[in-house]
Amino acid sequence: MMLRRGFILFLPRLVGLLVVACCSVSIVYMLACTPKGNNQQLALPRVHSPTAKEGYEAILHQREEQHRNYITSLKKKIAQLKAELQGRSKQLKNVQDQYPDPLDSRLDHSNPEKAQANLLAFLHSQINKAEVHSGVKLSTEYAAVPFESFTLQKVYQLETGLTRHPEEKPVRKDKRDELVEVIELAVGSLNNPEGDKNAKHHVYTASDFVEGIYRTEKDKGTLYELTFKGDTKHQFKKIVLFRPFGPVMEVKNENVNMADTLINVIVPLAKRASKFRQFMQNFREMGIQQDGRIHLTVVYFGKEQMNEVKSILENTSKSADFKNFTFIQLNEEFSRGKGLDIGARFWKGNNVVLFFCDVDIYFTAEFLNSCRLNTQPGKKVFYPVLFSQYNPSIIYGHHDSIPSLDQQLIIKKETGFWRDFGFGMTCQYRSDFINIGGFDLEIKGWGGEDVHLYRKYLHSNLIVIRTPVRGLFHLWHEKQCPDELTPEQYKMCMQSKAMNEASHGQLGMLVFKQEIEAHLHKQKLSGKKT
C-alpha cells in the first residue's frame, strides 16, 4: 500500500521531467534546422512571441524562393546542353549528308545519344578493319602499304622526289605536329599505366624514345608503333597507337624483353673472300662486341677460296672468343635461295630469329634490335628497306681521296637511295619460314627467289613490316650480269646495276661531261677577249 502511494506521488514528477526533456530536444532540433540567410543564420521566433507565425511564414517563403531559383538555374543548364547537343547533331548530320557512307544508316539523328555511341563503335571497328591485330591477304607486292620510320629529329621515308629526301626533318607543319602529338601521347600513356596507381614507376620523357614506324591506310586511319627504352639495356617499351580519322586510340601497351632473343645471321657465299673479310669486321664489331646475342651460319658453294674464308672465320672465332657459328659447304653451283633455305633448316635449337643477309651488307647493333622488335612468331615478319650506297668513285671523284667506310655511310640523296625494289634482307622466325614453305629451290643463280618468298608472306595472314631502316646498308660493288640468266633475271640485274652507280644528277654530269667542259672552255675564251 505504501509502495503504491509512493509510486502515485512520484508519477507526476516523472511526467514533468519527460515533458521538459522533450521540449529541450525540440528546441535543439529547431535551432539546428533553421534555414540560413545569405550571411547569417535566421533567428528562431520565440514560442510565445506574437510574431512567431509571421516568422515561420517568412522562413518558409525564403526556403521556397531558394528552391525556385535553384530549379530555374537547372532548367537553364539543361536547355543549354540540349541546344549544344542539337547543334552537334546538326553538324554531324551535315557531314553525313556531304559525305554519305554506310555508317549513315546506323546514325539515328532523332536519338543523338545512340548516334554518338554508334559513331564511337564505328571508330573502334576501324581498328579491326586495318592491319593492326592480323595481316590481310594481298594479291601482289604492289598492294602492300609500307611503313615509314622516324626519330625525335628526323623522318625516314620511301616516297622521294625533287623536294623530298630519304632522310629529312619534317618541314610541313602538319606532319611535324602529327609526330609530336603521337610521341607526347605515348609518353603520357607510359607514365599513367593501368593497375596500381600508387606504385612507383619510371617517369618517361621524349628522350627515352628510340624509334617509331607508321603507315596510313587511306580508308581506315594511321597506325603508329613506337619503341621506348625500358628499365634495363635489353628491355624496351612498345606502344601501338591508331588514329581512325579522329583522336588517337591506344591499342597495345606491353613490355618487350629481348635479352634472350638470339638472331641467326645466314649468309650464302661463293668465292668473294675479300668481301667476306670486310663483312666479318662489321660482324665482329656490331654483332659480337656490341650485341652479343647472335649466331652466324655461312653456307659456302664450291671449294675455290673456301680455305681462305674458313681461315677468316676461325681467326675471328679465336680473337673474339666467338663459338656461335656454323660453316656448311656444298659442292654445287651457287644458288642464293638454296643456301638460305639450307642454312635455315640446318638449325636444330629452339625457335630463332633468322636474318637473311648478303656478304656486301653493313648493319649496326641498332638494326639487330629492330630485327627482333619487328618479328613475332605466327604474327609478324620484317622486310626492312636498306639504304644502297652509290659508287664512291663517282660520288667522291672530285675529292682528293675517298673517305673511310664509316664516313661514307650517311643517308643523303647524293650518297645513295632506299632500295625499295629489293626484298633479299629479311628477318623472320624460323617457324614462320618453315610453315610458309621456304624458298623456291627451282630458281637458280641471282634474283627472283627473294620476291617469291615475299609474295608468300603477303598471301598469308602474317603482318609484313616493310619500312626503311637507318642501320642497314648495301655496300657498293661492281655488278656482273652473266649471260646464263633468264631474260627476266637479266633485266632485273641490269636495272639494279644502273640504280647502283649514282644519282640522276651525278649520272647527268657524266653524260653531259663533254658539253660542260666545252662550256667552261668557251667561258675562258670569252674572258680572255674581254
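Against the condition outside the structural domain of PHE301 (by the TED database) and in a helix (DSSP H, G or I), how does LEU185 come out, does it pass?
Considered against the rule, which asks whether it is outside the structural domain of PHE301 (by the TED database) and in a helix (DSSP H, G or I), LEU185 comes out as yes.
Kindly evaluate GLU333 against the criterion of being touching a residue at least 40 places away in the same chain (Cβ under 8 Å), in a loop (DSSP other than H, G, I, E, B) and open to solvent by 30 Å² or more (accessible area, probe 1.4 Å).
The answer is yes for GLU333.
Can you tell me which residue within the range 211-232, out of those that are under 19 Å from VAL132 (Cα atoms) and basic (Lys, Arg), is most open to solvent (accessible area, probe 1.4 Å)?
LYS218
Within the range 115-161, take every residue that is β-branched (Val, Ile, Thr) and outside any helix (DSSP H, G or I) and give me the one that is farthest from LYS252 (Cα to Cα).
THR160
Taking interchain pairs and intrachain pairs at least six residues apart, which have beta carbon atoms under 7 angstrom, with the first residue in the range 337-354 and within 17 Å of LEU269 (Cα to Cα) and the second part of a helix (DSSP H, G or I) and open to solvent by 10 Å² or more (accessible area, probe 1.4 Å)?
The qualifying pairs are ALA344/ARG430; LEU354/ARG430.
The rows are residues; the columns are (1) over 30 Å from GLU308 (Cβ atoms); (2) within 16 Å of the chain's Cα centre (by Cα).
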{"position": "LYS169", "(1), (2)": "yes, no"}
{"position": "HIS202", "(1), (2)": "yes, no"}
{"position": "MET249", "(1), (2)": "yes, yes"}
{"position": "VAL267", "(1), (2)": "no, no"}
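Does THR160 qualify as being modelled with pLDDT under 80 and open to solvent by 30 Å² or more (accessible area, probe 1.4 Å)?
Criteria met by THR160.
Across the range 430-478, what is the number of residues that are among the basic types (Lys, Arg) and open to solvent by less than 20 Å² (accessible area, probe 1.4 Å)?
The total comes to 1.
How many residues are modelled with pLDDT under 80 and either surrounded by 13 or more Cβ atoms within 10 Å (Cβ to Cβ) or not hydrophobic (A, V, I, L, M, F, W, C) (or both) if we restrict to the range 491-503?
Selection size over the range 491-503: 4.
Those residues that are within 22 Å of VAL353 (Cβ to Cβ) and of a type in the set (Gly, Ala, Ser), I need them from the range 385-435; list them, please.
Matches in the range 385-435: GLY422, GLY424, SER431.
Restricting attention to the range 179-210, which residues are open to solvent by less than 30 Å² (accessible area, probe 1.4 Å) and within 24 Å of ASP291 (Cα to Cα)?
Scanning the range 179-210 gives ASP208, PHE209.
Check the range 343-362 and report whether any residue there is hydroxyl-bearing (Ser, Thr, Tyr), in contact with a Phe, Trp or Tyr (Cβ under 8 Å, 6 or more places away or on another chain), modelled with pLDDT of 95 or more and within 30 Å of MET509 (Cα to Cα).
The answer is yes; a qualifying residue exists.
For residues that are polar (S, T, N, Q) and either in a loop (DSSP other than H, G, I, E, B) or at positive phi (or both), tally how many sit in the range 270-316.
1
Has the range 223-230 got at least one residue that is at pLDDT below 95, among the small types (Gly, Ala, Ser) and assigned by the TED database to the domain that holds THR151?
Yes; the residues of the range 223-230 include at least one that is at pLDDT below 95, among the small types (Gly, Ala, Ser) and assigned by the TED database to the domain that holds THR151.
Select, from GLY448, GLY397, the only residue that is closer than 30 Å to LEU510 by Cα and either of a type in the set (Gly, Ala, Ser) or modelled with pLDDT of 95 or more (or both).
One residue alone meets the criteria, GLY397.
Just checking, how many residues over the range 269-292 are in contact (Cβ under 8 Å) with a residue 60 or more places away in the chain and under 32 Å from the mean Cα position of the chain (by Cα)?
6
Restricting to the range 120-137, and then to whatever is open to solvent by less than 50 Å² (accessible area, probe 1.4 Å) and modelled with pLDDT under 85, can you tell me which residue is farthest from the chain's Cα centre (by Cα)?
PHE122
I need the full set of residues from the range 456-512 which are touching a Leu at 6+ places or on another chain (Cβ under 9 Å), touching a residue at least 12 places away in the same chain (Cβ under 8 Å) and either in a helix (DSSP H, G or I) or not assigned by the TED database to the domain that holds GLY397 (or both), in order please.
LEU458, MET492, CYS493, GLU501
The values are calculated or read from the model by the stated rules, or taken from the named source; none is laboratory data. Quick caveat: nothing in here was measured; it's all calculated off a predicted structure. Note that we place each Cβ from the backbone using ideal geometry, even for glycine, and neighbour counts take in every protein chain shown. In case anyone asks, the SASA skips ligands and DNA or RNA and just uses the protein heavy atoms, side chains included. Shrake-Rupley method; radii C 1.70, N 1.55, O 1.52, S 1.80 Å.
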